[in-house]
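S.K.: Handing you this structure, nothing more for now.
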Amino acid sequence: MTIAWNPQTREWHLHNGATSWVLAVLENGWIGQLHAGAPLSPDASYRHLYPPFAGFDNRMPEPVPLAVPVPGVGDFRVPGLVVETRDGATVLDLQYATHRILRGKPALPATTGVRGPMPATYAEHEADADTLEIDCTDARSRITVTLRWTLFAARPVVARSMTIANEGAPVTIRTAMSATLDLPDGAWTMLQLSGVWARERHLVERPLAPGRVAVSSVRGGSGPEHNPFIALRRPTTTEGAGEAWGVMLAWSGNFLAEAEVEPFGTARVRIGENPETFAWRLEHDGVFTTPEALVAWSDRGLGGMSDALHAVLRRNMARGPWRDAERPVLLNNWEGTYFDFDHDRLVAMAAEAKAMGIELFVLDDGWFGARSDDHRGLGDWTVNRTKLRRGLAGLGEEIHAMGLQFGIWIEPEMVNADSDLFRERPDWAIGVPGRRRTAQRHQLVLDLAIPEVVDHLFDVISAALDEAKVDYVKWDWNRFITEPWTPAVPPERQGEFFHRYVYGLYDLYERLVTRFPGVLWESCASGGARFDAGLLAWAPQAWTSDDTDAVERLRIQYGTSLAYPVSSMGAHVSDIPNHQTGRTPSLDFRAAVAMFGTFGYELDPTRLTGEERAAVQRQVAFFTERRALISGGRFDRLRSPFEGDGNETAWMVTAADGARALAAFYRVLFRPLPVRDRLRLRGLDPAARYEITRWTSFDGPDLRFIRGGDDLMRIGIGIEPADGEIVEGDFPDGMRLVRHDFTFRLYDIRRVTA
Ligand code: GLA
């Protein structure tokens with residue numbers, strides 16, 4: 001058990017050797033958070049860190065770290081919980097009542113009056129995690145708040161959530177953060193993943209300063225502008241060393257992630273559902289549970305923080321048979337055909353894909369209703385027989401007969417005004433009665449807060465999936481929510497709308513995933529506009545961005561990797577000139593970037609030349625031989641495209657047993673007479689020896705040499721000019737000067753056993 005309770009000092013200590021969290025019942029009965037982060041001895045008391053605390057009074061205001069800060073009681077920092085009680089006040093006095101220390105991780109209590117589960121991490125075996133639940137009660141309102149910490153075995157990651165139960169008169173929850181984290185100083189730099197369509201999750205940094213810095217969404221989804229994730233690092237922290245925090249929300253709706261530095265220099269971090277678009281009426285006997293937050297701490301740099309989060313998302317958030325299975329290399333027809341396809345064209349594409357070693361054929365948008373373009377058809381999930389003369393079943397049959405898996409695209413949450421569904425049920429589209437609706441991409445959003453809508457979608461999508469016998473589904477979401485309002489709750493409860501919508505989404509996912517347990521789900525939202533830990537509970541991979549340009553992808557995938565594992569990032573090789581940027585990198589460069597994701601192609605293979613087909617075949621073979629390493633290994637960022645002139649990027653993956661690794665170095669533009677440069681690797685055994693083969697195309701390695709782990713990590717591999725002790729083969733030209741843009745080097749690394 002990694003959680004200890006000391007009844008003498010009234011302290012809890014969560015510790016697993018990698019991190020410690022120390023909580024205490026303060027002198028006034030509130031719960032304090034004495035320490036979080038670095039591992040400490042579990043036998044000592046840490047009460048000396050703060051003077052006895054009787055509540056905020058007229059003395060020097062001591063910024064006491066609180067586990068659940070509420071407003072209006074002398075703590076003037078941002079609150080974690082704001083509840084309006086019967087008298088209209090938001091003052092609570094949350095007194096410690098009891099606690100439970102549990103092995104494993106219990107399911108989160110369901111919120112009253114919504115269907116479907118909240119996405120949350122789980123412990124497969126009791127030994128994988130321990131959980132502390134502390135109940136605090138406000139006697140006057142008869143509200144009990146349960147604070148929850150789950151510590152994962154051997155990982156410096158804690159899952160946080162809070163449940164509010166009401167035994168008194170109805171109250172309104174105005175703010176309910178999933179986690180607050182009080183830190184003893186504010187000397188941190190905040191990292192956020194920000195952008196827009198086609199350049200999602202770029203790394204942005206800003207130092208904390210007195211006051212508040214925040215990222216948030218009010219779009220109804222987690223959004224492309226900011227990801228529900230922030231990291232903090234010391235100014236001296238690097239990828240490999242130093243302290244870092246990562247704070248992430250498993251929620252696909254509006255969120256707030258914020259850090260505040262108060263006058264004495266301490267910092268409070270909070271993350272949760274965005275209070276700007278949220279208010280929840282909690283009736284007598286009602287229960288409300290917040291989404292879950294994951295909080296990671298590492299003293300092994302940003303790399304250590306990312307690795308901890310990746311591990312928990314892969315093992316404890318993703319579920320089902322695809323959690324651990326190797327994901328198929330796919331061909332998606334979208335950029336190859338857009339809406340212009342028919343049965344025969346698809347079959348021809350699939351046949352070429354199969355010949356190149358591709359394993360899954362995905363039919364994207366346009367197969368249903370009157371969907372000849374993006375003005376019509378959404379909502380009508382019956383097959384378009386003009387395009388698909390043999391229906392989905394016939395197409396699926398032919399694809400399966402080739403030995404390929406078959407997948408389809410859906411966008412269940414949407415409707416076009418020009419659709420049978422909208423003509424029948426205009427009242428199912430979100431909007432405020434009597435006001436005009438804002439259309440985006442010519443479509444409206446269905447009101448998933450209405451259970452009947454979710455039931456309908458479950459039926460029609462199930463029927464389509466049954467017909468097609470699909471192995472894979474890409475679930476898209478191509479606009480944000482405007483004119484938020486739902487007939488599902490009365491006018492005074494419209495603050496619940498966004499939360500109820502996301503619950504409807506989760507309900508639909510849960511029911512479809514349960515009904516089709518073998519299917520591989522990939523989430524998508526105009527590219528990467530809903531890339532969050534919440535959806536990873538059902539869809540273990542997500543389309544990272546509609547921007548398939550390999551150069552843009554270096555930044556997008558690098559940024560995304562700060563929080564999310566390679567196994568979650570959909571990445572495809574597409575045609576040139578690239579449809580988003582007009583760039584023309586080589587086919588091999590495009591593949592070398594897309595391989596560090598759930599790999600696939602998105603082009604018309606019947607238009608490739610014979611030479612290109614052979615190249616694709618080699619790329620697929622190279623990837624599939626290393627697939628388990630790439631998607632399951634530890635990911636280390638070696639060189640950032642957000643630093644310097646951004647011309648170079650490098651990263652590597654290392655197998656858990658250390659026997660194999662693959663490092664990648666990318667240079668966007670050729671520079672004459674480049675400076676001497678060495679790429680230092682990470683995570684190898686300094687005492688071991690490694691055989692390295694270098695690949696600058698997928699035609700085969702062009703250099704082979706043996707080096708010690710210490711040499712590779714402390715001196716590094718010479719990039720320009722290449723150094724290398726050629727030990728076999730006839731690789732004549734280590735010094736070959738490559739005079740063109742878009743070059744890469746892959747270093748395939750194997751520990752030498754003899
Ligand atoms: C979105 C997705 C694309 C594609 C189109 C289809 O933009 O991100 O990958 O599926 O929709 O309309």
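The values are calculated or read from the model by the stated rules, or taken from the named source; none is laboratory data. Note that this is a predicted model, so its numbers are computed, not measured. Ideal geometry is used to build each Cβ from the backbone, glycine not excepted, and the neighbour counts take in all protein chains shown.
S.K.: Check off (1) of a type in the set (Lys, Arg); (2) over 27 Å from GLY195 (Cβ atoms); (3) in contact (Cβ under 8 Å) with a residue 60 or more places away in the chain; (4) in contact with a strand residue (DSSP E or B) (Cβ under 7 Å, 6 or more places away or on another chain) for ARG682 and give me the number that stays unchecked.
M.R.: Of everything listed in (1) of a type in the set (Lys, Arg); (2) over 27 Å from GLY195 (Cβ atoms); (3) in contact (Cβ under 8 Å) with a residue 60 or more places away in the chain; (4) in contact with a strand residue (DSSP E or B) (Cβ under 7 Å, 6 or more places away or on another chain), ARG682 misses just condition (2).
S.K.: Is it true that ASP344 is of a type outside the set (A, V, I, L, M, F, W, C) and either under 18 Å from the mean Cα position of the chain (by Cα) or more than 21 Å from THR150 (Cα to Cα) (or both)?
M.R.: Against the criterion (of a type outside the set (A, V, I, L, M, F, W, C) and either under 18 Å from the mean Cα position of the chain (by Cα) or more than 21 Å from THR150 (Cα to Cα) (or both)), ASP344 qualifies.
S.K.: Contact list please: Cβ distance under 6 Å, first residue in the stretch 517-533 and away from the ligand (no atom under 15 Å from the Cβ), second residue in a strand (DSSP E or B) and at pLDDT 95 or above, pairs at least six apart or on different chains.
M.R.: VAL519/VAL473; LEU520/TYR472; ASP532/PRO228; ALA533/MET248; ALA533/ALA250
S.K.: While we're looking at this one, here's another question. Taking the stretch 211-227 only, how many residues are in a strand (DSSP E or B) and at positive phi?
M.R.: Summing the residues that are in a strand (DSSP E or B) and at positive phi in the stretch 211-227 gives 1.
S.K.: Suppose we filter the stretch 467-513 for residues that are modelled with pLDDT under 95 and either β-branched (Val, Ile, Thr) or farther than 30 Å from GLU398 by Cα (or both); how many remain?
M.R.: Total meeting the criteria: 0.
S.K.: Further, regarding this structure: Any chance you could count how many residues in the stretch 561-585 are over 17 Å from ASP604 (Cα atoms) and within 15 Å of the ligand (Cβ to nearest atom)?
M.R.: Summing the residues that are over 17 Å from ASP604 (Cα atoms) and within 15 Å of the ligand (Cβ to nearest atom) in the stretch 561-585 gives 2.
S.K.: A follow-up question, please. Quick one: in the stretch 539-560, which of the residues that are touching a helix residue (DSSP H, G or I) at 6+ places or on another chain (Cβ under 8 Å) and assigned to a loop (DSSP other than H, G, I, E, B) is farthest from the ligand (Cβ to nearest atom)?
M.R.: Out of the qualifying residues, it is PRO540.
S.K.: Would you point out the residue of the stretch 320-347, among those that are hydrophobic (A, V, I, L, M, F, W, C) and more than 14 Å from VAL362 (Cα to Cα), that is farthest from the ligand (Cβ to nearest atom)?
M.R.: ALA325
S.K.: Continuing with the same structure: Could you please find all residues in the stretch 304-329 being more than 19 Å from GLY407 (Cα to Cα) and in a loop (DSSP other than H, G, I, E, B)?
M.R.: ALA318, ARG319, ASP324
S.K.: Just to be sure I understand the filter: pairs with C-beta atoms under 8 Å, separated by 6 or more residues or on different chains, first member in the stretch 406-424 and farther than 19 Å from ARG437 by Cα and touching a residue at least 40 places away in the same chain (Cβ under 8 Å), second member in a helix (DSSP H, G or I) and within 12 Å of the ligand (Cβ to nearest atom). Which pairs pass?
M.R.: Sorted first by the residue in the stretch 406-424, then by its partner, the pairs are TRP409/TRP334.
S.K.: Does LEU673 qualify as being in a loop (DSSP other than H, G, I, E, B) and modelled with pLDDT under 95?
M.R.: When the stated conditions are applied, LEU673 passes them.
S.K.: Every residue in the stretch 65-79 that is free of Cβ contacts under 8 Å to residues at least 40 places away in the same chain and surrounded by 18 or more Cβ atoms within 10 Å (Cβ to Cβ), please.
M.R.: Scanning the stretch 65-79 gives VAL70, PRO71, VAL73, ASP75.
S.K.: For ASP447, state whether it is farther than 22 Å from ASP532 by Cβ and charged (D, E, K, R).
M.R.: no
S.K.: Do you know which residues across the stretch 697-718 are surrounded by 19 or more Cβ atoms within 10 Å (Cβ to Cβ) and either among the hydroxyl-bearing types (Ser, Thr, Tyr) or without any contact (Cβ under 8 Å) to a residue 60 or more places away in the chain (or both)?
M.R.: SER697, ASP702, LEU703, PHE705, ARG707, GLY709, LEU712, ILE717
S.K.: Does any residue of the stretch 521-544 turn out to be among the polar types (S, T, N, Q), more than 9 Å from the chain's Cα centre (by Cα), within 12 Å of ASN227 (Cβ to Cβ) and buried (at least 24 other Cβ atoms within 10 Å of the Cβ)?
M.R.: Yes, because at least one residue in the stretch 521-544 is among the polar types (S, T, N, Q), more than 9 Å from the chain's Cα centre (by Cα), within 12 Å of ASN227 (Cβ to Cβ) and buried (at least 24 other Cβ atoms within 10 Å of the Cβ).
S.K.: Pairs, please: C-beta under 8 Å, at least 6 apart or cross-chain, first residue under 14 Å from GLY379 (Cβ atoms) and free of Cβ contacts under 8 Å to residues at least 60 places away in the same chain and in the stretch 450-475, second surrounded by 16 or more Cβ atoms within 10 Å (Cβ to Cβ) and small (Gly, Ala, Ser)?
M.R.: VAL453/GLY504
S.K.: Among what's in the stretch 487-516 and is under 22 Å from the mean Cα position of the chain (by Cα) and charged (D, E, K, R), pick the residue that is farthest from the ligand (Cβ to nearest atom).
M.R.: Ranking the candidates gives ARG500 first.
S.K.: Still on this structure, I have one more. Among the residues in the stretch 479-486, are any assigned to a loop (DSSP other than H, G, I, E, B), within 16 Å of the ligand (Cβ to nearest atom), within 30 Å of GLU359 (Cα to Cα) and touching a residue at least 40 places away in the same chain (Cβ under 8 Å)?
M.R.: Checking the stretch 479-486: not a single residue is assigned to a loop (DSSP other than H, G, I, E, B), within 16 Å of the ligand (Cβ to nearest atom), within 30 Å of GLU359 (Cα to Cα) and touching a residue at least 40 places away in the same chain (Cβ under 8 Å).
S.K.: Quick test for you: out of ASP364, ASP299, ASP373, pick the one residue that is of a type in the set (Asp, Glu), in contact (Cβ under 8 Å) with a residue 12 or more places away in the chain, surrounded by fewer than 21 Cβ atoms within 10 Å (Cβ to Cβ) and within 16 Å of the ligand (Cβ to nearest atom).
M.R.: Answer to the check: ASP373.
S.K.: May I pose another question? Does ASP476 satisfy the condition of being surrounded by 19 or more Cβ atoms within 10 Å (Cβ to Cβ) and within 16 Å of the ligand (Cβ to nearest atom)?
M.R.: yes
S.K.: Then there is this: Counting only residues that are in a helix (DSSP H, G or I) and either in contact (Cβ under 8 Å) with a residue 24 or more places away in the chain or among the polar types (S, T, N, Q) (or both), how many does the stretch 608-625 have?
M.R.: Here the count works out to 12.
S.K.: A further question follows. Any residue in the stretch 419-427 that is within 16 Å of the ligand (Cβ to nearest atom), of a type outside the set (Ser, Thr, Tyr), on the phi < 0 side of the Ramachandran plot and out of contact with any Pro (no Cβ under 7 Å at 6 or more places or on another chain)?
M.R.: No - not one qualifying residue is present in the stretch 419-427.
S.K.: How many residues, within the stretch 571-593, are outside any loop (DSSP other than H, G, I, E, B) and either at pLDDT below 95 or touching a helix residue (DSSP H, G or I) at 6+ places or on another chain (Cβ under 7 Å) (or both)?
M.R.: Within the stretch 571-593, residues that are outside any loop (DSSP other than H, G, I, E, B) and either at pLDDT below 95 or touching a helix residue (DSSP H, G or I) at 6+ places or on another chain (Cβ under 7 Å) (or both) number 10.
S.K.: Moving on. Is it true that GLY304 is among the small types (Gly, Ala, Ser), more than 12 Å from the ligand (Cβ to nearest atom) and either in contact (Cβ under 8 Å) with a residue 12 or more places away in the chain or touching a Leu at 6+ places or on another chain (Cβ under 6 Å) (or both)?
M.R.: Yes: the conditions hold for GLY304.
S.K.: Inside the stretch 590-612, can you point out the residues that are buried (at least 24 other Cβ atoms within 10 Å of the Cβ), of a type outside the set (Gly, Ala, Ser) and over 25 Å from LEU536 (Cβ atoms)?
M.R.: Scanning the stretch 590-612 gives ARG590, LEU603.
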